[in-house]
Amino acid sequence: MFAKTLMIAAIVASTVSAQCVDTAVPLDPTSSAFGGLSLTADGSNWAVTPVDANSYIAVHFNAAKCQSLSAWSGVTFNVTAPASGTFNIAWTIRDSGCVAATGNKTYVPAAKYISNGVATIPFSDFPAVDFAHVEDLTLIGFAPATAGWDMSNVELKCGSLPAPTSASAAAPMGTAAGSAPAAATSGAAAAVGTNATTPSQKSSAATTSAFGLGAVAAAVAALVL
């Protein structure tokens, strides 16, 4: 009985720990750069060169371009900008069959998520997004649209992430000139792209938690019986 109890405890521990692992996300210059934007390897970084406000990066999380991110709590990456640089972010979501993109996209200033050159984007800040069917994280509206941007170390993160600052209070990114850029404003975000809002969608976070607990319960029941 004691041995069976230890085995049950081990299964519970391994199941819980296996639910989430910090995971690096590669940037592919052939499938991530759009609108004339250039991604060029610069050591361990990617040099980002937009040509105008419509140049963008699509960060895909798997080759199929439809990935459940429900097991993670957010995404982080390092970013360096030209002086006074700003950009916006949005999520592209596919339907339940992973066939077509759904709804419009809401563009928000990246500045509120960036501190000391690190972007920390908690999924909890996007309650209307269905993170079970993510096509990409879009980075768009780079201003100025010039060389001097760098991006690196994109990583899906587990556990608790710090809450974002207000856009007006953010000291957003490291810059090539050594000074912090001006924070993006809501007005600037609205001017980027053509879509205005993302329709409300059920968050998959609760589904993920229930799935994890269900797996544990099934394993325990099988051993007891």
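No value in this document is a laboratory result; all are computed from the given coordinates. Because the structure is a prediction, the values reported are computed rather than measured. In this analysis, Cβ positions are derived from the backbone assuming ideal geometry, glycine residues included, and neighbour counts consider all displayed protein chains.
Here Lys65 is the anchor, and the aspartates and glutamates within straight C-alpha reach of less than 15 Å, apart from those fewer than 8 places off in the same chain, are Asp28, Asp95, Asp130, Glu135, Asp136. Cross-link partners for Lys112 among the aspartates and glutamates, with Cα-Cα distance under 16 Å and sequence neighbours closer than 8 places in the same chain left out: Asp125. Give, as ranges by residue number, the residues of the stretch 147-161 whose backbone N falls under 16 Å from the point 7 Å along Cα→Cβ of Val51. So the set is 147. Annotation: peptides 101-107, 82-88, ranked by per-residue average of other Cβ atoms within 10 Å with the highest first, follow the order 82-88, 101-107. Each label was represented as a point 7 Å from its Cα along the Cα-to-Cβ direction; for Ala83 and Ser31 these points are 3.9 nm apart.
Here the gap between Thr23 and Ser38, fully extended at 0.36 nm per residue and compared with their Cα-Cα distance, gives a gain of 2.9 nm.
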